[in-house]
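Undergrad: Got a structure for you, written out below as structure tokens; questions coming shortly.
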Amino acid sequence: MKVIEKKLTKQALVGLAVVVLGVFGYVQIFTKGVERLPEKVCSGAVDRNIVEKVLPSTMTASQRGEKGVAYSSSRGTVFSCYVKTRGESSIFSGEVRVNDVSVAKWREGHSGGDEESREVKAAGIVALAASDSVSVYVPCTRPEQEGREPLQSYALIADARIIGDVRVSGAELQQYVAEFAYQILKNSYEVEECREGQAFPAALPDFE
């Protein structure tokens, strides 16, 4: 009788261990979506902790970054990326494009809406924030553009935005979106071999 009881007790403990491991495995695999992504998302362009602080907890999350092809020698998307939660309930995305536009015209293109844009500058880099989207501008002449006279000014422009549920809001959200845009811009600046030799500060100033 005691042998049977010991056997049943052992089976119960094994069963309990299986349940505990099952629950732990579920938590690790299915409830840590954003936290389980690589430390650098978007092909290594963006620190994961930025999206961790913005996107909500989720069962799963995915990310992708890819090099684009400019549709002309002076204009087009050169990089795009996103991080999204399961079911796309929240999406953090951005892209970098090359353009022939002055900072004044670029700034003008972000004015005139219902909400006034907020601006910060850092060593020749300009960022404009409006609600949950940010655009960052830096002069950039690529190797194949050298010797050509631009209509206005050669530049790289990064735009980033958040769609759906978020953990933060207001100025804090704008700052994280700005940092996302800034990091993909910095990454693309190096890849595109911009001739200006722009120095990039560690981060953008805070929006006041």
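Undergrad: Kindly indicate which of Gly197, Gly147 is small (Gly, Ala, Ser), open to solvent by 70 Å² or more (accessible area, probe 1.4 Å), without any contact (Cβ under 8 Å) to a residue 40 or more places away in the chain and in a loop (DSSP other than H, G, I, E, B). Even if it seems obvious, please write down each step before you answer.
TA: Working: Gly197 fails: open to solvent by 70 Å² or more (accessible area, probe 1.4 Å).
Testing whether each residue is small (Gly, Ala, Ser), open to solvent by 70 Å² or more (accessible area, probe 1.4 Å), without any contact (Cβ under 8 Å) to a residue 40 or more places away in the chain and in a loop (DSSP other than H, G, I, E, B) leaves just Gly147.
Undergrad: If I filter the stretch 76-115 down to residues being among the hydroxyl-bearing types (Ser, Thr, Tyr), within 15 Å of Ser135 (Cβ to Cβ) and touching a Gly at 6+ places or on another chain (Cβ under 8 Å), which single residue comes out as modelled with the highest pLDDT? Don't jump to the end; show me each part of the working.
TA: Just the residues of the stretch 76-115 that are among the hydroxyl-bearing types (Ser, Thr, Tyr), to begin with: 77, 80, 82, 85, 89-90, 93, 102, 111.
Subset that is within 15 Å of Ser135 (Cβ to Cβ): 77, 80, 93, 102, 111.
Subsequent filtering for residues that are touching a Gly at 6+ places or on another chain (Cβ under 8 Å) retains 77, 80.
Working: Thr77: 84, Ser80: 91.
For the stretch 76-115, the residue satisfying everything is Ser80.
Undergrad: While we're looking at this one, here's another question. Quick one: how many residues across the stretch 184-194 are open to solvent by less than 50 Å² (accessible area, probe 1.4 Å), assigned to a helix (DSSP H, G or I) and not aliphatic (A, V, I, L, M)? Talk me through it step by step, then tell me what you get.
TA: Of the residues in the stretch 184-194, the ones open to solvent by less than 50 Å² (accessible area, probe 1.4 Å) are 184-185, 187-189, 192, 194.
Now drop any that are not assigned to a helix (DSSP H, G or I), which leaves 184-185, 187-189.
Narrowing further to those that are not aliphatic (A, V, I, L, M): 187-189.
Number of matching residues: 3.
Undergrad: Also, quick follow-up: Considering each residue of the stretch 157-183, count those that are out of contact with any Phe, Trp or Tyr (no Cβ under 6 Å at 6 or more places or on another chain), open to solvent by less than 20 Å² (accessible area, probe 1.4 Å) and part of a helix (DSSP H, G or I), and give that number.
TA: Number of matching residues: 6.
Undergrad: Going residue by residue through the stretch 114-121, is there one that turns out to be under 20 Å from Ile50 (Cα atoms) and touching a Pro at 6+ places or on another chain (Cβ under 6 Å)?
TA: The answer is yes, given that some residue of the stretch 114-121 is under 20 Å from Ile50 (Cα atoms) and touching a Pro at 6+ places or on another chain (Cβ under 6 Å).
Undergrad: Here's something else I'd like to know. Quick check: anything in the stretch 12-33 within 29 Å of Ala127 (Cα to Cα), modelled with pLDDT under 85 and out of contact with any Cys (no Cβ under 7 Å at 6 or more places or on another chain)? Break it down into steps so the answer makes sense when it comes.
TA: We begin by selecting, within the stretch 12-33, every residue within 29 Å of Ala127 (Cα to Cα); these are none.
No, the stretch 12-33 contains no residue that is within 29 Å of Ala127 (Cα to Cα), modelled with pLDDT under 85 and out of contact with any Cys (no Cβ under 7 Å at 6 or more places or on another chain).
The values are calculated or read from the model by the stated rules, or taken from the named source; none is laboratory data. Since we're looking at a predicted model, the values are computed, not measured. Using ideal geometry, Cβ is built from the backbone for each residue, glycine included, and neighbour counts are taken over all protein chains shown. SASA here: full protein model, heavy atoms, side chains in, ligands and nucleic acids out. Shrake-Rupley method; radii C 1.70, N 1.55, O 1.52, S 1.80 Å.
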